[in-house]
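Here is the structure we will look at.
The values are calculated or read from the model by the stated rules, or taken from the named source; none is laboratory data. Just so it is clear, the model here is predicted, and its values are computed rather than measured. Glycine also receives a Cβ, built like all others from the backbone with ideal geometry; neighbour counts cover every protein chain displayed. Remember, those area values only see protein heavy atoms, side chains included, never the ligands or the DNA or RNA. Shrake-Rupley method; radii C 1.70, N 1.55, O 1.52, S 1.80 Å.
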Amino acid sequence: MIHSLFLVNSSGDIFLEKHWKSVVSRSVCDYFFEAQERASEPENVPPVIPTPHHYLISVLRHRIYFVAVIQSEVPPLFVIEFLHRVVDTFQDYFGVCTEAAIKDNVVVVYELLEEMLDNGFPLATESNILKELIKPPTILRTVVNTITGSTNVGEQLPTGQLSVVPWRRTGVKYTNNEAYFDVVEEIDAIIDKSGSTITAEIQGVIDACVKLTGMPDLTLSFMNPRLLDDVSFHPCVRFKRWEAERILSFIPPDGNFRLLSYHVSSQNLHPLRSTSLVAIPVYVKHNITFREGSSQGRFELTLGPKQTMGKGVEAVLVNSQLPRGVLNTNLNPSQGTYTFDPVTKLLTWDVGKINPQKLPSLKGSMSLQAGASKPDENPTINIQFKIQQSALSGLKVNRLDMYGEKYKPFKGIKYMTKAGKFQVRT
């Protein structure tokens with residue numbers, strides 16, 4: 001299965017390596033570095049790279065490449081899912097998954113990797129079980145371990161490891177019993193010059209924070225479950241009940257976990273209308289022009305809300321990679337602030353919240369190199385935004401019920417939509 005794991009930072013340096021079966025030379029990463037040089041963007045590095053004797057399977061998270069070395073043929077998605085689980089575990093333990101955090105907790109990192117993989121095969125990947133095996137680092141525990149030479153490894157086997165529900169430990173007790181669910185959707189879209197939608201789809205997740213006493217059995221039902229397509233569940237979900245009734249029935253892990261992730265395409269929203277697409281929550285009016293033989297260019301941009309169901313669009317950030325011939329910009333934002341880097345040619349406009357009564361705009365001129373030819377193509381505009389208390393797909397939770405315990409828990413559902421790769425072509 002997985003022979004070795006290399007962690008590569010944004011500078012291309014290997015700052016951590018772990019071997020499970022036999023030591024694999026670092027030189028195997030040369031194939032990865034070659035693919036990295038050929039890629040136009042960091043995220044465009046191929047996830048699977050074949051070499052004469054190995055396969056390199058990688059994911060990019062938090063500007064760190066996690067590169068797994070495989071010697072025999074395995075399902076790539078299996079390895080990719082495990083690498084994402086490693087990143088999520090580091091984030092759960094250290095708060096952030098950065099190069100500095102990993103180096104500061106390198107002993108805990110090696111202990112976790114040793115428990116998560118046994119002879120190259122995934123063993124314990126649930127956060128609850130790992131936290132019983134290896135205590136999360138604290139300042140006091142770090143000081144005590146340094147003085148006494150002890151480790152964070154627990155002395156007893158986790159209670160859940162041998163049960164039929166390995167994701168939940170036994171004997172859980174809370175004074176306040178509560179269950180919170182966050183429905184978070186990311187919209188990926190490409191809008192053409194005329195404002196028509198070329199592609200649009202929604203990637204969604206339901207994250208849960210469940211702190212309930214005992215061994216509760218929960219059911220979660222939706223108003224319109226048929227919207228969901230390509231669903232990926234946490235192992236706690238009873239899949240047969242979902243197939244039969246479209247109801248999520250599960251014994252939840254203790255604490256934070258991802259209940260499910262899903263994909264909503266335009267066909268799922270309107271199966272009878274082939275031309276329909278995912279509702280686009282913002283629109284852009286743009287006028288970016290370059291004249292042949294002129295040293296000036298015109299830049300005009302206006303944003304507005306669209307199909308947001310009355311919810312406000314906030315945390316709006318606009319990025320645009322201007323052509324190399326642009327020397328500087330002289331723009332006037334009606335709202336927020338903008339910056340232009342004359343070296344990288346990156347224009348960034350921090351808009352904030354969109355006011356429908358007074359739409360934010362960015363207008364002005366661009367200075368071009370004298371005598372330079374007109375750019376071959378206009379720049380693309382990338383937009384980031386958030387819409388609170390709104391799920392763009394229309395997905396709504398109907399009710400949450402609990403069985404097996406007599407107390408009444410506090411329940412809460414929160415919705416949020418945010419931009420994934422949202423691109424407007426000019």
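Structure notes:
- Mean-position separation - Cα centroids, the stretch 68-96 and the stretch 379-426, in angstrom: 25 Å
- For the chain, the longest principal axis of the C-alpha atoms and the axis of helix 139-148 are separated by about 50°.
- If you plug the beta carbon distance of L317 and E243 into 1/(1 + (r/R0)^6) with R0 = 45 Å, you get a FRET efficiency near 0.65.
- Kirkwood-Stokes translational diffusion coefficient of the stretch 317-426, alpha-carbon pairs, 10 °C, 1.306 mPa s, µm²/s: 90 µm²/s
- For the stretch 336-426, the solvent-accessible area works out to 57 Å² per residue, with a probe of 1.4 Å and every protein chain left in place.
- C-alpha center-to-center spacing [the stretch 353-376, the stretch 1-55] in angstrom: 41 Å
- Of the accessible area of the chain, computed with a 1.4 Å probe over protein heavy atoms only, carbon and sulfur atoms account for 51 percent.
- Result for the chain in a Gaussian network model with C-alpha springs under 10 Å: among D254, D230, D30, the largest mean-square fluctuation is at D30.
- Listed residues T289, T308, T175, most fluctuating in the chain (Gaussian network, C-alpha, under 10 Å): T175
- Per-residue SASA entry for V284, accessible area with 1.4 Å probe, Å² rounded to 10: 30 Å²
- Looking at the stretch 82-122, the accessible area is 43 square angstrom per residue; that uses a 1.4 Å probe and ignores ligands, DNA and RNA.
- Calculated P(r) of the stretch 1-40 - Cα pairs past 16 Å, %: 37 percent
- Annotation: T98 carries an accessible surface of approximately 60 Å², with a 1.4 Å probe and no ligand, DNA or RNA atoms counted.
- The translational diffusion coefficient of the chain, from Stokes-Einstein at 37 °C and 0.692 mPa s with a Kirkwood hydrodynamic radius over alpha carbon pairs, comes to 132 µm²/s.
- For the stretch 1-81, the solvent-accessible area works out to 52 Å² per residue, with a probe of 1.4 Å and every protein chain left in place.
- Beyond 25 Å in Cα-Cα separation lie the following of the pairs K173/K406; K211/K311; K363/K414; K135/K414; K358/K386: K211/K311; K363/K414; K135/K414.
- Once the Cα-Cα distance is subtracted from the 0.36 nm per residue extended length, the F410 to L77 segment shows a gain of 116.2 nm.
- Crossing angle, helix 106-116 versus the chain [Cα axis fit, 0-90 degrees, rounded to tens]: 70 degrees
- Computed on the Cα atoms alone, the convex hull of the stretch 295-341 gives a volume of 105 cubic angstrom per residue.
- Rounded accessible area of Y407 (nearest 10 Å², 1.4 Å probe): 60 Å²
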